[in-house]
1. When both residues are 6+ apart or on different chains and their Cβ atoms are under 6 Å apart, which pairs have a first residue that lies in the range 97-111 and is without any contact (Cβ under 8 Å) to a residue 40 or more places away in the chain, and a second that is more than 7 Å from the ligand (Cβ to nearest atom)?
2. Can you tell me which residue in the range 250-266 is nearest to SER307 (Cα to Cα), limited to those that are part of a loop (DSSP other than H, G, I, E, B) and either polar (S, T, N, Q) or open to solvent by 50 Å² or more (accessible area, probe 1.4 Å) (or both)?
3. Whether any residue in the range 230-245 is open to solvent by 70 Å² or more (accessible area, probe 1.4 Å) and in contact with a His (Cβ under 8 Å, 6 or more places away or on another chain) is what I want to check.
4. I need the full set of residues from the range 116-145 which are of a type in the set (Gly, Ala, Ser) and under 17 Å from the mean Cα position of the chain (by Cα), in order please.
5. Filter the range 319-335 down to the residues that are of a type in the set (S, T, N, Q) and under 15 Å from the mean Cα position of the chain (by Cα), then identify the one that is surrounded by the fewest Cβ atoms within 10 Å (Cβ to Cβ).
6. Quick check on this structure: which one of ARG43, ARG22 is farther than 13 Å from VAL272 by Cβ, within 11 Å of the ligand (Cβ to nearest atom) and open to solvent by 40 Å² or more (accessible area, probe 1.4 Å)?
7. Could you list, in sequence order, the residues of the range 356-378 that are of a type in the set (Lys, Arg) and either crowded, with 18+ Cβ neighbours inside 10 Å or assigned to a loop (DSSP other than H, G, I, E, B) (or both)?
8. May I ask you to verify whether ILE30 is aliphatic (A, V, I, L, M), closer than 24 Å to ASP299 by Cβ and within 13 Å of the ligand (Cβ to nearest atom)?
Amino acid sequence: MTPPCIIIGASHAGAQLALSLRQQGWQDEILVISNEDALPYQRPPLSKTFLSGEKNTDQILIRPMAAFEKAQVDFLFNTQVININRQDNALELDNGQSLAYSKLALCTGSSAIKIPLPGHDKKGVHYLRTQQDAINIRQHAAADKHAVIIGGGFIGLESAAILCKMGMKVSVLEAQDRLLKRVVCENISNFYEKTHQQAGVSIHTNTQAASINGEERVNSVIDKIGKEYKADLVIIGVGVHPNVQLAQDCGLDIDNGIVINGFAQTRDADIVAAGDATFFHHDFYRKNMRLESIQNAMDQAKSAAASLCGKSLGFSHIIPRFWSDQYDFKLQIIGISDGFDKIEIRGNINEGKSFSVFYLKENKLICAAMVNAPRVLMKAQACITQQSVLSSQALDELFEQSPVL
Ligand SMILES: Cc1cc2nc3c(=O)[nH]c(=O)nc-3n(C[C@H](O)[C@H](O)[C@H](O)COP(=O)(O)OP(=O)(O)OC[C@H]3O[C@@H](n4cnc5c(N)ncnc54)[C@H](O)[C@@H]3O)c2cc1C
């Protein structure tokens with residue numbers, strides 16, 4: 001009997017890859033191995049509607065069990081793959097079992113970066129990557145209690161917005177001189193700083209946490225200059241690192257992620273990879289990158305499934321997309337802003353009802369960020385792809401012809 005195609009990791013990339021394999025005509029068994037104990041669930045709600053309690057575990061499933069049963073996808077939960085033997089096409093599992101594969105897909109994703117602050121292991125200190133993390137945070141969130149968020153990136157700020165809405169007294173400590181510095185321009189950082197402050201969150205930039213205090217449970221965070229912030233709950237959100245150990249140990253190419261080509265193939269003909277764990281060359285931006293987004297995980301998974309079925313479906317030309325929900329504001333980003341030489345803003349960024357920030361290079365659009373302006377997205381995507389020179393009037397039209405929410 002032909003050994004199954006094995007997918008390591010049951011999240012956005014793994015789930016999509018399994019279903020796409022069947023759609024692409026894969027005939028043999030498909031087995032997904034996960035070190036988590038749940039059916040594939042969506043991670044974005046973990047810092048949004050799941051954290052707030054608006055959605056429950058069933059409502060954040062990527063697909064119901066019936067969809068996987070119909071596609072004849074099997075799962076092995078609570079199981080960690082600890083070694084890949086590429087000579088024999090076999091995997092070693094943490095339960096001592098060995099499994100043969102015909103083809104292998106690495107969808108191992110990324111993990112929260114742990115910072116070894118003194119006191120980081122006290123009760124009440126959390127990272128936010130899994131459903132269980134979000135459940136633990138929610139259990140300890142209570143009105144009028146104090147929360148300290150270490151890290152002013154998307155996950156930290158989305159969590160801050162939810163905890164603030166729950167009535168918690170929230171402080172955000174950000175080491176950089178502005179929020180979201182890695183991903184947005186100063187204008188958008190300022191918009192979010194103002195928005196959070198107006199909601200009652202206290203924002204502290206240029207501030208690095210130095211230690212976490214308390215007996216068994218956390219009661220405060222101290223920063224590098226000795227200032228103390230009351231804390232009944234701490235969330236550390238300082239970024240992720242790709243889970244590459246397995247791939248590295250079996251000799252695949254690694255460079256800030258598992259190196260894949262534009263068809264999600266590694267240099268082993270039997271192994272593909274998709275999602276947060278991968279590193280690839282983007283054809284449009286002409287640079288190597290690793291992306292942490294749902295869209296990327298899904299596109300690469302579809303491409304990987306096609307490759308395993310002997311077809312060609314490239315993903316490396318697709319313009320990346322990201323989004324973030326905070327309070328009543330939906331931020332959507334299309335493109336990568338690195339290397340922009342001009343920014344143009346349309347709409348009302350001060351009142352923040354609806355606005356767009358266009359990042360241009362030599363007067364051509366390379367990236368656009370929209371707040372509550374969803375209809376701009378598709379048009380901006382077309383402008384990025386076409387790379388035509390855009391006048392100021394063309395940008396007015398790009399924004400104004402999109403209805404304001
Ligand atoms: C709180 C939160 C909010 C987010 N919000 C957004 C958002 O708004 N928009 C957006 O685009 N993206 C968002 N993201 C990012 C998005 O969730 C990731 O890009 C996406 O989950 C990547 O999917 P993946 O399948 O590549 O990896 P992951 O989701 O990281 O899944 C990998 C899985 O593989 C498992 N695994 C790893 N190694 C092994 C092994 N050896 N054996 C068995 N199993 C293994 C892991 O435990 C994990 O379950 C958010 C992420 C978080 C945590």
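The values are calculated or read from the model by the stated rules, or taken from the named source; none is laboratory data. Remember, it's a predicted structure, so these values are computed and weren't measured experimentally. Note that we place each Cβ from the backbone using ideal geometry, even for glycine, and neighbour counts take in every protein chain shown. When the accessible area is computed, the model is the full protein with side chains, heavy atoms only, and any ligands, DNA or RNA have been set aside. Shrake-Rupley method; radii C 1.70, N 1.55, O 1.52, S 1.80 Å.
1. Qualifying pairs under 6 Å: SER98/ALA90; SER98/GLU92.
2. Initial filter on the range 250-266 (part of a loop (DSSP other than H, G, I, E, B)): 250-253, 255-257, 260-264, 266.
When the remaining residues are screened for being either polar (S, T, N, Q) or open to solvent by 50 Å² or more (accessible area, probe 1.4 Å) (or both), the result is 253, 255-256, 261, 263, 266.
Details: ASP253: 18, ASP255: 22, ASN256: 23, ASN261: 11, PHE263: 6, THR266: 11 Å.
Filtering the range 250-266 for residues that are part of a loop (DSSP other than H, G, I, E, B) and either polar (S, T, N, Q) or open to solvent by 50 Å² or more (accessible area, probe 1.4 Å) (or both), the one nearest to SER307 (Cα to Cα) comes out as PHE263.
3. There is at least one residue in the range 230-245 that is open to solvent by 70 Å² or more (accessible area, probe 1.4 Å) and in contact with a His (Cβ under 8 Å, 6 or more places away or on another chain).
4. Once the filter is applied, which keeps residues that are of a type in the set (Gly, Ala, Ser) and under 17 Å from the mean Cα position of the chain (by Cα), the range 116-145 yields only ALA134.
5. Residue satisfying both the conditions and the ranking: GLN332.
6. Being farther than 13 Å from VAL272 by Cβ, within 11 Å of the ligand (Cβ to nearest atom) and open to solvent by 40 Å² or more (accessible area, probe 1.4 Å) holds for just one of ARG43, ARG22, which is ARG43.
7. If the condition is that a residue be of a type in the set (Lys, Arg) and either crowded, with 18+ Cβ neighbours inside 10 Å or assigned to a loop (DSSP other than H, G, I, E, B) (or both), then ARG375 is the only one that fits.
8. no
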